[in-house]
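Just below is one structure, and these are the notes that go with it.
The values are calculated or read from the model by the stated rules, or taken from the named source; none is laboratory data. Since the structure is predicted, the reported quantities are computational estimates derived from the model, not experimental observations. Positions of Cβ are generated from backbone atoms using ideal geometry, with glycine treated the same way; all protein chains shown enter the neighbour counts.
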């Protein structure tokens, strides 16, 4: 069956889904169908016999008929607020503004590994912290108004970001506030920062690199430290005496009797300084004079 949309005709559709009011929500096409999106000629995915490609709807829509996502049959350049970049998957806001751009959208399996996917990835020209560089990415995420919200790096990539606490080597990616101020990033290795607690090595070995919308090292909109994670054991000296915050441990899923260290999260709020360790929280007065040193884990 063919389905008419405001972007063009979806030909030879299967598995169309509608909401209770009869609005088209998604469909898969089995024939090349040309859609006009942001003045670009786009062909939704209609080949599903490649073990690399995901078996997902070719297009999805909001109930008002605005395109929500499109899986492209072939990678093609698409305009974004940062320039034209190759894309295999695009998502949009209800307003029609570009939300996310994925250069690749391969399916990892026993037949297609992350290494295989990375061989198809190419470095893209981007300007980060005012510095031009070529770097491999997996996603660009934009605010509805067009500003960059987050950039997710390819698994093999790292970059040096200038932050309010100094330059930090970054993996997975970073996120920004709407005005471009740095919101969060994921440290690529232990880096000592001069926090309110003193010099502390920050690192989250358990960080999952699905996207970079929210990362372990976070800042407030005006550039103050908001939170970070560390696997260090902290010895805190307060007017009431010494407190020791040891990191939690868990059984290593890869060994029979091994242990892994879980990161503690340190948060700064107007009301208190909080140390989170699994389900436990230690609240300290923000006015308390605290000195910290790294104890042995």
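Is it fair to say residue 266 is modelled with pLDDT of 85 or more and either over 22 Å from the mean Cα position of the chain (by Cα) or not assigned by TED's automatic domain parsing to the domain that holds residue 207 (or both)? Judged against the criteria, residue 266 is not a match.
Counting the residues of the range 207-225 that are modelled with pLDDT of 80 or more, farther than 16 Å from residue 166 by Cβ and surrounded by fewer than 20 Cβ atoms within 10 Å (Cβ to Cβ) gives 9. Which condition breaks for residue 1 when tested against (1) in a loop (DSSP other than H, G, I, E, B); (2) more than 28 Å from the chain's Cα centre (by Cα); (3) at pLDDT 95 or above? All conditions pass for residue 1, except number (3). When residues in the range 133-176 are screened for being over 14 Å from residue 122 (Cα atoms) and free of Cβ contacts under 8 Å to residues at least 60 places away in the same chain, 20 of them pass. Based on what the data block shows, is residue 64 in contact with a strand residue (DSSP E or B) (Cβ under 9 Å, 6 or more places away or on another chain) and in the same structural domain as residue 31 (by TED's automatic domain parsing)? Criteria not met by residue 64. Within the range 226-244, being modelled with pLDDT under 85 and part of a strand (DSSP E or B) holds for 233, 234, 235, 236, 237, 238, 241, 242, 243, 244.
From the list 9, 91, 31, the lone residue that is farther than 23 Å from residue 122 by Cβ and either in contact with a strand residue (DSSP E or B) (Cβ under 8 Å, 6 or more places away or on another chain) or assigned to a strand (DSSP E or B) (or both) is 9. Once the range 81-112 is narrowed to residues that are without any contact (Cβ under 8 Å) to a residue 24 or more places away in the chain and more than 20 Å from the chain's Cα centre (by Cα), the residue that is farthest from residue 58 (Cα to Cα) is 110. The residues of the range 127-145 that are farther than 20 Å from residue 73 by Cβ and within 17 Å of the chain's Cα centre (by Cα), listed by number, are 128, 135, 136, 137, 140, 141, 142, 143, 144.
Going through the range 165-181 one residue at a time, which ones are surrounded by 13 or more Cβ atoms within 10 Å (Cβ to Cβ) and assigned to a loop (DSSP other than H, G, I, E, B)?
165, 177, 178, 181
Meeting the requirement of 2 or more residues that are assigned by TED's automatic domain parsing to the domain that holds residue 191, the strands (runs of 3 or more DSSP E) wholly within the range 110-164 are 159-163. Go through the range 182-206 and give me each residue that's surrounded by fewer than 17 Cβ atoms within 10 Å (Cβ to Cβ) and under 30 Å from residue 253 (Cβ atoms). Correct list: 189, 190, 192, 201, 205, 206. Restricting the range 40-61 to residues that are over 29 Å from residue 113 (Cβ atoms) and free of Cβ contacts under 8 Å to residues at least 40 places away in the same chain, the residue that is surrounded by the most Cβ atoms within 10 Å (Cβ to Cβ) is 40.
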